[in-house]
Structures are given as structure tokens and as C-alpha cells.
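Reviewing the structure listed below.
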Ligand code: NOJ
């Protein structure tokens, strides 16, 4: 039997930027509760909450200091229970972010681990003595600088693939794994419906931690071949599944898996293996980046189509795809792959349509459904994100780059583009808070906001609602076979989804010039983003036809 998520749409909430109920400038759980009518009306089935656990907030909550609580800035466990109850009452589900590749350095496990070389928890993290060059190996952190920090009192280094306040847990130690399964069960017992698992394919590392390759001009070696998709990944995930999900029904495990191939994904998401249900790969969201995310790369539409098609084909008979453009780590899709100026509405709706009509489970990031755009950054003071700030500092201080150049490098890709407050209305602070928002509201909130779209049938929001409804009601959207048409066409993104008796044809003009569309556009027009018909496909026009099959 097909799993429940074939017709589900997930909505990601970044709690600190969603809705602030108490005027302290930061979103919170009561704020989310107050917006459940909006989310129910949108039609989404699952809410994924980015981390709300107690945290020093060095990486906006992806640095957890207590896995069994709620950070006071978001509310209390009672608030959480009230939210979960209301979500369930409405027939929706809620999944938590599970961040267990690393903890905060303020987590009691790490505090204990660093207290002495003899600590019983010493081996819960990756401690190593200095090498002749200082750090134990040459790995760079994903957030710039070395992946190692020296702990002076005990004279050893600890590994942190992200910020220095995010030490990596040592999953080789069975006690660590047991502790993780226990905290997962604690939340599952509380009623949550599953987890989005942060960087879960980093939990198995080559225990020898060999140096990585260092290319000319690089400051550090690339350790990813040794810390990603490691030798025990499948074993760990299956063990996790057996100890948490196996005895429970209808729970969802979504893994964030940077650097996995389709072949790996087939294994990781094969329902018969008991590892994950689906995963996020990054191929399509790295298409516009050169070797590092801050260096732009020219790409073509055929390349983008090929990535989607390859994942569709690869997971057609086994496993399952996620479908996403946006999340809290990615710039806004309409600014990135669309046109957030003249064709803002058309390109936002085109990108949504193309994505949602692939086979897989779509993920919407808050604000995507109203076409929120990137932020017009002009100064480094407007940034908050540790990844952006670390890269800026390294660029200026270590590489000696001109600060303006460094600023222009981080601006288009910075994660802060996604993290600006949700734009609810055209009032002060976009209706997000009555206080001072922790991150500035995008100045375009006077025109781009939910209130302006809620009753407008020709809005980005209305279009998302139609797409979600279509997935709920149409078996072709859920399970239909995917076939890409005209893969080499430089402007047209066209594909079909077919079941036995009917198929959907999607044709999309990815660009601002009208084009001829050499595809049989007959049948019932079920969705489009233009009010009338024309022979050509106009700028950013998308059409979806239903065609009966003989
Ligand atoms: C991936 C998360 O999505 C990102 O926001 C975070 O900074 C890193 N993992 C580290 O937890």
C-alpha cells in the first residue's frame, strides 16, 4: 500500500521568523498557534518546525543545549503541547527538527566531555591531540575556518564541522546512539509525527579522520569524503529506525543528505530497508554555485531539468523524492530562479507549478507561498547568520578582500534572505511583531504580504492552494509516471505525468520572452498563470493540461 505522504504537502516553519505573539521581536509557539487557520486554509498536511529546543542560538537553534525542552524565547512545553493538540485536531501532523550530528558546546554532555580527558563522556565527541601543524587534520569547517578548536585546559582539539559552538557527536560510541534514540522516543511519545533529520548523513565518519584534499588557493582540506556518507551510515540509520520508528505507525523520517547520489538515495529511502522515508539532496540548489556556495556559476535550463528528471527516474520504482526550492538555508526561489521584478507573479507561480507537479512530497518554506523575495542588503550590519558572517570575516581578514567585494559575495546566497520575518500584512513590521524584529522585515512587505493575497484568486497564494488541492485529489499527481519532454530545449520545461487512463501535461516557459511550444497542447486546461489563452507561451507562462488516454 502506498504510504500516506504521497498526497501530502509539508510546510516548513522557521519559528523565530514566523509570528511573534508577545512583542519581543522573535516568533514563538503561540504565534504559530495563532496562524493555524491560515495554514489549514492553505491546505498543507504536515508542519515541520525548525529547532525550538533550548539553545544558545549560535546557529539559530541548530546548536541544542537540551533536547527535552523548549527555548524560553519560543515558549514552554505547555505551549508546545497546546500547539500539537490543535495541529492534530485539524487533521494535520507536526514533525520536529532533529539535530544530532552535533550539540551545542553548552549541552551538559559536552560540558562533561570537555571537563577532563578522563570524563566518562570524553568519547561522546571527537577529541584528538594536536598534530605538528596544530589541528589534528586539515579539514575546514562548513562555516569557514578550521573544523577543530583547541580546548586549552585539556590540551586537545574537538571536531566541529559547523561553528565552533557545535561540536560533533561521536556516533561510533553506542552510548551516544542510545541517548539519541531515547530523546527521539521522548518526542514521539509526546505525539510528534516524525523528524526532519539535520545533516544526518554526516553521523558516520571515517574514524581515522584523514587529511582532505587541498586545492591550490584553498585555506583548508576538503574532509567531506571522510565525514559524509561514512561507512556505517546505513547501519546507524537502520538501528535508529529499529529503536524508534519500527514499532510506531505513520511516522515520517526525512533526512537532510548533502552529497548523496541517486543510487545512495535508492538505498536510504527504500521502505523495505527501514532507514529514511525521503531525503533532501542538494543538486538543483547548487546548480548556480561554483565550488563553494559564494561563487556564482552560469547554468542552463537543460541542466536543471536533467537533475530533476534523473531523480524522478532513479526513485520511480523504489524510494521517494522530496521536492523543494526553498528552506531556511536557501535564498528565495523567485529571486533566484525566477524574476522578482516585472514577472514576479508569473515566475513564482511557474516555479511552484513545475516543482509541485513532479513526483514526490513538496516542501513549502514559510513565505514561499506568497512569493517572498530576497532582501536588498546594503551593509554587513544587516546580517545575522553565522555562516554568512564567518565567510565575510574570513574573506576580509584572512584573504584581504575588499569589504564591498565580500559583501557582494554573501548577499545573493546568504541564508538571511530566507530568514526575514513572514510578511502577514502591509502594517508595521509586516504584522510579524509589535516589537522590534530580530531581523529586518523586507521593505517590499507593503506589496508582498499574505493579507493582500488571501482573497485574490489571481495571487501566488491562491495558486499554491490550487496546487495543494490538485495533489490531494489527483492520483496522477501522486503516483503518475514522470516523463521529461524536449530535454534540450533551452527555455521550455515540459513533462508529463501519466497513469493508466489519463495524464497531465505541464508546459512552462522559463524566461521573459514569448516562445513557441512544440508540444501537443490539447485537453482540459486545469491550471495556468495567465488569464487568457494565446498561441505562444508568454513570459513565464505555465499551463497544465489533462489529457485522457485511449
Ligand atoms: C543544516 C541546517 O539546515 C542548517 O541551518 C544548519 O546551520 C546546519 N545543518 C548545522 O546544523
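Below, the figures for the structure above:
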read-out: Residues of the stretch 319-335 satisfying the condition of being more than 16 Å from the ligand (Cβ to nearest atom) and touching a strand residue (DSSP E or B) at 6+ places or on another chain (Cβ under 8 Å); value: 319, 320, 321, 323
read-out: Residue within the stretch 45-63 that is part of a loop (DSSP other than H, G, I, E, B), within 18 Å of residue 368 (Cβ to Cβ) and either assigned by TED's automatic domain parsing to the domain that holds residue 252 or at pLDDT 95 or above (or both) present; value: yes
read-out: Options 68, 16: the member that is touching a residue at least 40 places away in the same chain (Cβ under 8 Å), closer than 27 Å to residue 164 by Cβ and assigned to a helix (DSSP H, G or I); value: 16
read-out: Flag if residue 443 is more than 16 Å from the ligand (Cβ to nearest atom), more than 25 Å from the chain's Cα centre (by Cα) and either within 16 Å of residue 376 (Cβ to Cβ) or surrounded by fewer than 22 Cβ atoms within 10 Å (Cβ to Cβ) (or both); value: no
read-out: Matching residues, the stretch 116-173, being within 17 Å of residue 230 (Cα to Cα) and modelled with pLDDT under 95; value: none
read-out: Output for the stretch 400-421, where each listed residue is closer than 21 Å to residue 447 by Cβ and touching a strand residue (DSSP E or B) at 6+ places or on another chain (Cβ under 9 Å); value: 418
read-out: Near pairs, Cβ below 6 angstrom, 6+ apart or cross-chain, from the stretch 71-100 (farther than 18 Å from residue 184 by Cα) to any residue that is modelled with pLDDT of 95 or more and within 16 Å of the ligand (Cβ to nearest atom); value: 74/15; 74/52
read-out: From 342, 309, 316, residue being more than 16 Å from the ligand (Cβ to nearest atom), in contact (Cβ under 8 Å) with a residue 12 or more places away in the chain and either under 25 Å from residue 452 (Cβ atoms) or under 17 Å from the mean Cα position of the chain (by Cα) (or both); value: 342
read-out: Evaluation of residue 110 against (1) outside any loop (DSSP other than H, G, I, E, B); (2) in contact with a strand residue (DSSP E or B) (Cβ under 9 Å, 6 or more places away or on another chain); (3) closer than 30 Å to residue 454 by Cβ; (4) free of Cβ contacts under 8 Å to residues at least 60 places away in the same chain (one fails), failing number; value: (3)
read-out: Residues (outside any loop (DSSP other than H, G, I, E, B), surrounded by 19 or more Cβ atoms within 10 Å (Cβ to Cβ) and in contact with a helix residue (DSSP H, G or I) (Cβ under 8 Å, 6 or more places away or on another chain)) located in the stretch 355-384; value: 356, 361, 362, 364, 365, 368, 369, 370
read-out: Selection count, the stretch 212-224, where residues are free of Cβ contacts under 8 Å to residues at least 24 places away in the same chain and either touching a strand residue (DSSP E or B) at 6+ places or on another chain (Cβ under 7 Å) or surrounded by 14 or more Cβ atoms within 10 Å (Cβ to Cβ) (or both); value: 1
read-out: Test set (1) over 29 Å from residue 411 (Cβ atoms); (2) crowded, with 20+ Cβ neighbours inside 10 Å - residue 509 fails condition number; value: (1)
read-out: From 50, 55, residue being under 18 Å from residue 365 (Cα atoms) and within 16 Å of the ligand (Cβ to nearest atom); value: 50
read-out: Any hit, the stretch 190-202, residues being over 21 Å from the mean Cα position of the chain (by Cα) and part of a loop (DSSP other than H, G, I, E, B); value: yes
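The values are calculated or read from the model by the stated rules, or taken from the named source; none is laboratory data. Fair warning: this is a prediction, and the values are worked out from it, not measured in the lab. Glycine gets a Cβ as well: all are built from the backbone with ideal geometry, and neighbour counts include every protein chain shown.
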